[in-house]
1. Among the DSSP beta bridges whose two residues both lie in the chain, what percent are antiparallel, rounded to the nearest 5?
2. Any chance you could check the Cα centroid distance between the stretch 215-268 and the stretch 93-116 for me, in angstrom?
3. To the nearest 20 debye, what is the magnitude of the charge dipole of the chain about its Cα centre, counting +1 on the Cβ of each Lys and Arg and -1 on the Cβ of each Asp and Glu?
4. Return, in residue-number order, each cysteine of the chain whose C-beta is not under 4.7 Å from any other cysteine's C-beta.
5. What share of Cα pairs, in percent, lie more than 28 angstrom apart in the chain?
6. So what is the diffusion coefficient of the stretch 111-261 in µm² per second by Stokes-Einstein at 4 °C and 1.567 mPa s, using a Kirkwood Rh over Cα pairs?
7. I'd like the Karplus ³J(HN,Hα) series for the stretch 120-128: coefficients 6.51, -1.76, 1.60, θ = phi - 60°, whole numbers in Hz, and an x wherever there's a Gly or Pro.
8. If the cut-off is 28 Å between C-alpha atoms, which lysines fall inside it for LYS169, apart from same-chain ones fewer than 8 positions away?
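We did not get these values from a lab; they are worked out from the coordinates using the rules stated. As the structure is a computational prediction, the values presented were derived from the model and not from experiment. Here Cβ is always computed from backbone atoms with ideal geometry, including for glycine, and neighbour counts include all displayed protein chains.
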Amino acid sequence: MADLYDLIIIGSGPAGMTAAIYAGRAELKTLLLEKNPMGGGQIVNTYEVDNYPGLPGINGFDLGTKMSEHVDRFPVERLEAEVQGVDLAGEEKTVSTDQGEFRARCVLITSGNSPRKLGIPGEEELTGMGVSYCATCDGAFFRKRITAVIGGGDVAVEDAIFLARGCSKVYLVHRRDALRATKTLQTALFALENVEVLWDSVPESVNGTDMVESLTVKNVKTGEVRNVDVNGVFIAVGNEPNCAFYADAGLNTDQAGYIVAGEDCKTNLPGVFAAGDIRTKRLRQVSTAVGDGANAITSVLEYLI
């Protein structure tokens, strides 16, 4: 029979890696399950992290690398595996992956969230051929070309600013007449001459044969529909939790699918915890994920004792 761990951590973003560090320091027998070869979660795709205390302006990839190297200082077992199911009932929990089954007395879910899709014609067909959900990942392919960013929050505005550094023209398509992004970002955006905001507008379809050729946009106030010639479309309209099968395992989730857990990261199931972007919370940032990771291990230790 496979070893029984004190703790299995699902996910290696900032919350998961912080938890792994704290678990290692507490000498818990810990398994960290990582879906991707590179730990760090979504921050590895972030061009610049300017609000993490002590490391202003650090590259997201570098921050993820530093966190991962910190984990490796402790005897935490790490395994690249994709979780396929969980059995969270009873004193021993089972996590099923494409690399086998693993048992633990506690499970900490830190699987984060993923970009939300628009669900419009052409989006899925042209993903990877001009449609992208990560400007810092794919922006370099559109140097001196025309792109569009969909959204009006911090991420969308950050993407537009980033793309404007290399693109000849950037459209920001927003469904309202005011942005939700912070004022600092808005000031930086409006200072750019090669950025045009399409207010009160929603994307209707992404068009092209083998590559993106244009974006059909509708003005929600006038009803006017127009085609905008673009080479790339970057979608930044929020995220959805990565917890497809957790509700079926008996975990309480909110209407959006996030796992219900407070600051102590305790869920409704004994010995099961949720931290980082996966749990119900007001603010989802690197700093709040790190705080969750520390709080979660405090709750884990309390449960094990």
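1. 45
2. If you average the Cα positions of each part, the centres end up 22 Å apart.
3. Rounded to the nearest 20 debye, it is 780 debye.
4. Here CYS106, CYS167, CYS243, CYS265 come out as lacking a disulfide-compatible partner, given the Cβ-Cβ threshold of under 4.7 Å.
5. More than 28 Å apart: 44 percent of the Cα pairs in the chain.
6. Approximately 80 µm²/s, per Stokes-Einstein.
7. 9, x, x, 5, 5, 5, 9, 5, x
8. By straight Cα distance, LYS169 reaches LYS117, LYS144, LYS183, LYS218, LYS221.
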